[in-house]
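Notes for the one structure printed next.
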Number of protein chains: 2
Amino acid sequence: MLTNAGSHLEQMFTQLVFVFQIDEEVAKLLELKVKLGGDEGKHQFVLKTAKGTRDYNPKQMAIREKVFNTIISCFKRHGAETIDTPVFELKETLTGKYGEDSKLIYDLKDQGGELLSLRYDLTVPFARYLAMNKITNIKRYHIAKVYRRDNPAMTRGRYREFYQCDFDIAGQYDAMIPDAECLRIVHEILSELDLGDFRIKVNDRRILDGMFAVCGVPDDKFRTICSTVDKLDKMPWEEVKKEMVNEKGLSEEAADQIGEYVSMQGGKDLAERLLQDQKMSQSKQACAGLSDIKLLFSYLELFKVTDKVVFDLSLARGLDYYTGIIYEAVLTQAGVALVCTDAQNGAEESVSVGSVAGGGRYDGLVGMFDPKGRKVPCVGVSIGIERIFSIMEQKAEASAEKVRTTEVQIMVASAQKNLLEERLKLVSELWNAGIKADISRADLIDEIRRRTSEV
Amino acid sequence: MLTNAGSHLEQMFTQLVFVFQIDEEVAKLLELKVKLGGDEGKHQFVLKTAKGTRDYNPKQMAIREKVFNTIISCFKRHGAETIDTPVFELKETLTGKYGEDSKLIYDLKDQGGELLSLRYDLTVPFARYLAMNKITNIKRYHIAKVYRRDNPAMTRGRYREFYQCDFDIAGQYDAMIPDAECLRIVHEILSELDLGDFRIKVNDRRILDGMFAVCGVPDDKFRTICSTVDKLDKMPWEEVKKEMVNEKGLSEEAADQIGEYVSMQGGKDLAERLLQDQKMSQSKQACAGLSDIKLLFSYLELFKVTDKVVFDLSLARGLDYYTGIIYEAVLTQAGVALVCTDAQNGAEESVSVGSVAGGGRYDGLVGMFDPKGRKVPCVGVSIGIERIFSIMEQKAEASAEKVRTTEVQIMVASAQKNLLEERLKLVSELWNAGIKADISRADLIDEIRRRTSEV
């Protein structure tokens, strides 16, 4: 661990003792003290972070940095640029973009001036940015926090403040090429992060809408029925059907027909079969979607990622702005589940982490911001990084390997007093030489005496 | 620019044309179109970012990344860990920490549940974090955005949403050692960023308070007179005096005595002289501060940074929580000033960028959060990164060197149609090999035709 920084330094080293373990040992004693000390005295106020949010400690930050590096490398390998936007937008910028989820938006207090809201995702700010700067072609990534007043399930890696890692391609391209690249990116990232086996479900908004039409769903119920279908990953079909019929007033017959379709999974072959399907083929929309799914799979074959991709008619996704292909990645390995501690009885249960990436095509969103309504076709993917962090943290906990939170190469300390000046001179020379170095808090004897009396 | 990725790939290359310039040329044409097009049609809504905030475009992000890398390397060289805290805190966490500036805090709307505010700096959340986790010793950095409802002067690099880069040392140390390290860090960062000459002003809250006492300022006026002294970098002494006497009701005599002291600048020698000063030496507080300044300068000599540091009795700094040494770095080179365009008449004027780093000791802040009032001594520095960005951006504008916003090594394109599959296969192999690659949007002829018709 000792870096040789020249013979002058070496000479000085002989007068000094280099200690790495003292900090750790003192930390252990201090921890013990905290445990023994209990919680006497009364809190004058609540000492906590806001509901649904958390601090990241140095260990969590070290893991976060590693994950970000993997993801950013992938985005850069695909030639993406990056941008950043403010954490809040004009309230009206977010209005009418998220359907039923709009109620989860955080508003700022009216303190005079503009009405503002915290961003709900990175996609709407991106569309606003494109329209505002009249950009018609860009491949960009954006990693930043977004805000949703949801009921957090923090043990499952769900928070009110959480990171999104978005990659989007805006501009006119040959059909399905950027869409295929987004799926390739999900494949690369999930493989490199080594989270265990995964599957990427693919569907198309036009197939869903076409399916609803041919099953006899009234036009004005498409969006709400779509939201119900979206619950299929959390609820069994019987309950989903009940919601459609009892709450949303759909006929039993229509619901059963939908039930038949949404149980279908496959690949290119399924798309081909559905193009021949007597009912489905009546919908032009559905046919357009199915043809694109076919084309997409042919590109995915070239990209060598078909092993993980499945065409799944039950995939819906809630957001209003999708217009074409949609997708979602889930971890499938039984072993990869978050351990969730039940606060009431201390029991631990394993819960599935759900989706770790999702996205789709949204060709209409930029046009909503352009004063002339000029459209810019876009497709993108968002990596669900918080759930990935939670998994990585649990992995780190379980592993014997210690996570390093500093990069210190040399710790400068002395056994006796009166060498303070030498220590400062030495560490200064190390810094000059670009070596990562730190000084202990006092001379060693003092340090031990003081720290143990602290305990 | 062409990376050789094996003879198989080489063979394929011969069928393909590699183009780097087309995107640039099309971009120029599109830019021209925008200029010619003007702004016909009416905006249905305001297409802008919130007041005092801005987007970062890819070029700005490339500069930002470079600056962050320099700063983070320095923090890591000093053995710092990093943490992150939520963008909002419970409102009561921020209450009573910022004195007169508290009115600039952004509150969130009460949508049921806790009352929340956006963080105003990173120091108070850090103190809350230490108290909450019972941490008594840490050297950490934190880079994140903070929020102030100030009147922004964006052309001078002042925003309502802006980054802070904080480095702090918490814990019991020999006096002035961590304080000296903070100044050394400012010196390292400003030197490495190559922003031109700079000066670091140093003072101590206890010297200011002692000075106020011996000059006859009533105890209850210390804070408000301190705020007025803080304006000396923007206002001449005569105006500052007027505010003290006319607005704050100080006697003319007391003001004149303050005026004498705050004109003093020097080094260790000045501290020694003031320790002998008949009046100043009457204040125990001032003497404690002056002795520490002496000690500080002896460490700064060992750290070889005294060339830039000046003991300046006019330095005040507004924040309430400082208890000991305070400091602020300013750029002094005449050439380094931001060009500020006057929107009214289009005239450009050069304005000074003001402080680019600042900080101090705040030994009481953590105790304000601890239920038992246990204190954790802290000292830290905040790098004023937005102003540094603004300077770097103007430098980049002025320089002929082009800022690269992607790291693409190979652009895959073909001259004619029908090679789409080959292009996709090729780019896929490049990605597999870890090479940064991108495909052009269509075949070249199509691309040129389509893009020029776009214009």
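The values are calculated or read from the model by the stated rules, or taken from the named source; none is laboratory data. Just so you know, these numbers come straight off a predicted model, no measurement behind them. Neighbour counts are summed over all protein chains in view; Cβ atoms, including those assigned to glycine, are modelled from backbone coordinates with ideal geometry.
Pull up the range A:50-59, narrow it to residues that are buried (at least 21 other Cβ atoms within 10 Å of the Cβ) and not hydroxyl-bearing (Ser, Thr, Tyr), then point me to the one that is nearest to the chain's Cα centre (by Cα).
Applying the filter and picking the extreme gives A:Gly52.
Please enumerate the residues belonging to the range A:191-211 that are within 13 Å of A:Cys287 (Cα to Cα) and buried (at least 22 other Cβ atoms within 10 Å of the Cβ).
Initially, the range A:191-211 is screened for residues within 13 Å of A:Cys287 (Cα to Cα), giving A:203-211.
Listed by number, the residues that qualify are A:Asn203, A:Asp204, A:Arg205, A:Arg206, A:Ile207, A:Leu208, A:Gly210, A:Met211.
Looking only at residues in the range B:330-341 that are modelled with pLDDT of 70 or more and not hydroxyl-bearing (Ser, Thr, Tyr), which one is surrounded by the fewest Cβ atoms within 10 Å (Cβ to Cβ)?
Kept after step one, since they are modelled with pLDDT of 70 or more, are these residues of the range B:330-341: B:330-333.
Still in the list and also not hydroxyl-bearing (Ser, Thr, Tyr): B:330-331, B:333.
Values: B:Val330: 18, B:Leu331: 23, B:Gln333: 10.
Ranking the candidates gives B:Gln333 first.
Could you check how many residues of the range B:258-280 are part of a helix (DSSP H, G or I) and over 20 Å from B:Ala316 (Cα atoms)?
Qualifying residue count, the range B:258-280: 4.
For B:Pro377, indicate whether it is modelled with pLDDT of 95 or more and either basic (Lys, Arg) or touching a Gly at 6+ places or on another chain (Cβ under 8 Å) (or both).
yes
Collect the residues in the range A:383-413 that are away from chain B (no Cβ under 12 Å), more than 25 Å from the chain's Cα centre (by Cα) and modelled with pLDDT of 85 or more, keeping them in residue-number order.
Selection gives A:Ala413 alone.
For (1) in contact with an Asp or Glu (Cβ under 8 Å, 6 or more places away or on another chain); (2) in the same structural domain as A:Leu190 (by TED's automatic domain parsing); (3) not in a loop (DSSP other than H, G, I, E, B), each residue gets a yes or a no:
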{"residue": "A:Glu65", "(1), (2), (3)": "no, yes, yes"}
{"residue": "A:Phe68", "(1), (2), (3)": "no, yes, yes"}
{"residue": "A:Lys139", "(1), (2), (3)": "yes, yes, yes"}
{"residue": "A:Val146", "(1), (2), (3)": "yes, yes, yes"}
{"residue": "A:Asp174", "(1), (2), (3)": "no, yes, no"}
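Quick one: B:Met211 ticks every box in (1) part of a helix (DSSP H, G or I); (2) at pLDDT below 95; (3) over 30 Å from B:Asn137 (Cα atoms) bar one, so which box is it?
(2)
Given the residues B:Tyr327, B:Tyr321, which is the only one that is at pLDDT 95 or above, within 23 Å of the chain's Cα centre (by Cα), within 19 Å of B:Arg223 (Cα to Cα) and surrounded by 17 or more Cβ atoms within 10 Å (Cβ to Cβ)?
That would be B:Tyr327, the only listed residue that is at pLDDT 95 or above, within 23 Å of the chain's Cα centre (by Cα), within 19 Å of B:Arg223 (Cα to Cα) and surrounded by 17 or more Cβ atoms within 10 Å (Cβ to Cβ).
Please work out if B:Ala180 is assigned by TED's automatic domain parsing to the domain that holds B:Ser390 and either part of a helix (DSSP H, G or I) or exposed (fewer than 14 other Cβ atoms within 10 Å of the Cβ) (or both). I'd like the intermediate steps shown before the answer.
Numbers: assigned by TED's automatic domain parsing to the domain that holds B:Ser390: yes; either part of a helix (DSSP H, G or I) or exposed (fewer than 14 other Cβ atoms within 10 Å of the Cβ) (or both): yes.
Against the criterion (assigned by TED's automatic domain parsing to the domain that holds B:Ser390 and either part of a helix (DSSP H, G or I) or exposed (fewer than 14 other Cβ atoms within 10 Å of the Cβ) (or both)), B:Ala180 qualifies.
Look through B:Arg199, B:Arg223, B:Arg206 and report the one residue that is closer than 19 Å to B:Gly267 by Cβ, among the charged types (D, E, K, R) and assigned to a helix (DSSP H, G or I).
Of the residues listed, the single one that is closer than 19 Å to B:Gly267 by Cβ, among the charged types (D, E, K, R) and assigned to a helix (DSSP H, G or I) is B:Arg206.
May I ask you to say which residue of B:Asp121, B:Asp84, B:Asp110 is more than 7 Å from every other protein chain (Cβ to nearest Cβ), among the charged types (D, E, K, R) and either closer than 22 Å to B:Pro178 by Cβ or in contact (Cβ under 8 Å) with a residue 60 or more places away in the chain (or both)?
B:Asp121
What residue, among those in the range B:411-430 that are part of a loop (DSSP other than H, G, I, E, B) and in contact with a Leu (Cβ under 9 Å, 6 or more places away or on another chain), is surrounded by the most Cβ atoms within 10 Å (Cβ to Cβ)?
Residue satisfying both the conditions and the ranking: B:Ser414.
How many residues does the range A:68-99 hold that are within 20 Å of A:Leu195 (Cβ to Cβ), among the β-branched types (Val, Ile, Thr) and surrounded by fewer than 20 Cβ atoms within 10 Å (Cβ to Cβ)?
2
Does any residue in the range B:124-148 that is at the interface with chain A (Cβ under 7 Å from one of its Cβ atoms) and modelled with pLDDT under 95 come within less than 9 Å, Cβ to Cβ, of a residue that is surrounded by 20 or more Cβ atoms within 10 Å (Cβ to Cβ) and part of a strand (DSSP E or B) six or more places away or on a different chain, and which pairs are these?
From residues that are at the interface with chain A (Cβ under 7 Å from one of its Cβ atoms) and modelled with pLDDT under 95, the pairs are B:Thr136/B:Ala170.
Can you tell me which residue in the range A:43-81 is farthest from the other protein chains (Cβ to nearest Cβ), limited to those that are in contact (Cβ under 8 Å) with a residue 40 or more places away in the chain and closer than 25 Å to B:Arg149 by Cβ?
A:Gly52
Could you please find all residues in the range A:293-302 being in contact with a helix residue (DSSP H, G or I) (Cβ under 8 Å, 6 or more places away or on another chain) and surrounded by fewer than 21 Cβ atoms within 10 Å (Cβ to Cβ)?
A:Lys294, A:Ser298, A:Leu302
Only one of these conditions is not met by B:Asp179: (1) within 30 Å of A:Asn432 (Cβ to Cβ); (2) touching a helix residue (DSSP H, G or I) at 6+ places or on another chain (Cβ under 8 Å); (3) facing chain A (nearest Cβ under 10 Å). Which number is it?
Every condition holds for B:Asp179 apart from (3).
Of everything in the range A:368-401, what is crowded, with 16+ Cβ neighbours inside 10 Å and of a type in the set (Gly, Ala, Ser)? Give them in sequence order.
Residues satisfying the conditions are A:Gly380, A:Ser382, A:Gly384, A:Ser390, A:Ala396.
What is the residue count in the range B:381-410 for residues that are in a strand (DSSP E or B) and either without any contact (Cβ under 8 Å) to a residue 24 or more places away in the chain or closer than 22 Å to B:Tyr159 by Cα (or both)?
Number satisfying all stated conditions: 3.
For the range B:87-104, what are the residues that are away from chain A (no Cβ under 11 Å) and outside any loop (DSSP other than H, G, I, E, B)?
Hits for the range B:87-104 are B:Leu94, B:Gly99, B:Glu100, B:Asp101, B:Ser102.
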